[in-house]
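A short write-up of the structure that comes next.
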Amino acid sequence: MHIIHTIAQLRSELGSTTPNGKSIGVVPTMGALHDGHISLLQSAREQCDVVVMTLFVNPTQFNDPADFLKYPRDVARDSLIAENAGVDFIFAPAPDEMYAQGFDTVVSVPGLSNILEGASRPGHFDGVATVVTKLLNIVRADRAYFGQKDYQQLQVVKRLSADLNIGTEIVACPTVREPDGLAMSSRNVRLTPGQRRAAVVLSKALFEARKSMQAGEMDAVKLAGAIAKTVSDEPLAKLDYAVIVDPENLKPLTTIDLTNRAVALIAAKFGDVRLIDNIELFR
Ligand code: AMP
């Protein structure tokens, strides 16, 4: 496995490794790897000849500078995990390699970006869309792997990739959870033991909603209300939103129509740690 820091070197390595039609898979990450990331790397390893993992804590997607500073970083540990998962190249650029002096472009997907996470984190998805566009242009992979855990991000990435004819297939990977149901996240390490125990309420509320839906409750507003109540009943949780939306345009649904799919999205803070989770609702 090679760790590469510059765009020029990555392009040259990939050019010489993949001359005769070998497929490239890319897994964009911000590091602090956990089993969720590893599942993406494994899918890429199974489906592609060459696997590139990008490792870049992107400053432009943090609307809160303190959150950026506190983001967990451990390149040595991440490199070991990536190597064990069969990664061929880690692309770990410095911020000024990605944002050279004079950088002045923003990729924006406004319809999907200004709601939900975007409403609570202004500018976040412009930062995500811009860096993902750059990474997809830099690597020019056949497939790029993203987690359903970050559901809104996945929809933003699918939209920009289609709209800008990027030519990389966007592969959605299922959410990996802790044994008690909490969705794995690099932010979980910042929870106190009490907050960690309380955080299980998110997945519990989502699983309960899926169960009531499967038992016949098709009123999306009621289901969202029940999710909100379960979370609000947990004293350490501060609910931001609990909604049931159309999976593609993320617009709120009033009823769940069995011919369409629906997804329940949730965000809450535990102390200063903001967690998100979601579940697809199907019968
Ligand atoms: P991050 O390093 O948090 O930017 O995440 C990198 C990629 O890993 C994104 O596509 C995430 O959606 C994905 N990811 C993060 N947590 C999980 C999880 N628990 N299960 C599956 N994928 C995940």
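The values are calculated or read from the model by the stated rules, or taken from the named source; none is laboratory data. Quantities reported herein were computed from a predicted structural model and do not represent experimental measurements. Positions of Cβ are backbone-derived with ideal geometry, glycine not excepted, and every protein chain shown enters the neighbour counts. We work out accessible area using only protein heavy atoms, side chains counted, and drop any ligands, DNA or RNA first. Shrake-Rupley method; radii C 1.70, N 1.55, O 1.52, S 1.80 Å.
Considering every residue within the range 234-241, establish whether at least one is open to solvent by 40 Å² or more (accessible area, probe 1.4 Å), in a strand (DSSP E or B) and under 24 Å from Gly147 (Cα atoms).
Our first condition is that a residue be open to solvent by 40 Å² or more (accessible area, probe 1.4 Å); within the range 234-241, this holds for 234-236, 238-240.
Narrowing the set further to residues that are in a strand (DSSP E or B) leaves 238-240.
Still in the running and under 24 Å from Gly147 (Cα atoms): 239-240.
Yes.
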Restricted to the range 158-184 and to residues being open to solvent by less than 40 Å² (accessible area, probe 1.4 Å), not in a helix (DSSP H, G or I) and not hydrophobic (A, V, I, L, M, F, W, C), the residue nearest to Pro110 (Cα to Cα) is Thr168
Under 7 Å between Cβ atoms, which residue pairs at least 6 apart in sequence (or on different chains) link something in the range 39-57 that is surrounded by 22 or more Cβ atoms within 10 Å (Cβ to Cβ) with a partner that is among the small types (Gly, Ala, Ser) and part of a helix (DSSP H, G or I)? Leu41/Ala82; Val51/Ala44; Met53/Ala82
Selection count where residues are in contact with a helix residue (DSSP H, G or I) (Cβ under 7 Å, 6 or more places away or on another chain), closer than 21 Å to Leu265 by Cα and without any contact (Cβ under 8 Å) to a residue 60 or more places away in the chain, scope the range 126-159: 5
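In the set Arg210, Arg196, Arg187, which member is touching a strand residue (DSSP E or B) at 6+ places or on another chain (Cβ under 9 Å), outside any loop (DSSP other than H, G, I, E, B) and modelled with pLDDT under 95?
Step by step, each of Arg210, Arg196, Arg187 is checked, and only Arg187 is touching a strand residue (DSSP E or B) at 6+ places or on another chain (Cβ under 9 Å), outside any loop (DSSP other than H, G, I, E, B) and modelled with pLDDT under 95.
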Of all helices (runs of 4 or more DSSP H) fully inside the range 1-94, the set with 2 or more residues that are within 16 Å of the ligand (Cβ to nearest atom) and over 19 Å from Ala144 (Cα atoms) is 65-70, 75-84
Note on Ile256: of the conditions (1) over 28 Å from Val131 (Cα atoms); (2) open to solvent by 40 Å² or more (accessible area, probe 1.4 Å); (3) in contact with a strand residue (DSSP E or B) (Cβ under 9 Å, 6 or more places away or on another chain), unmet is (2)
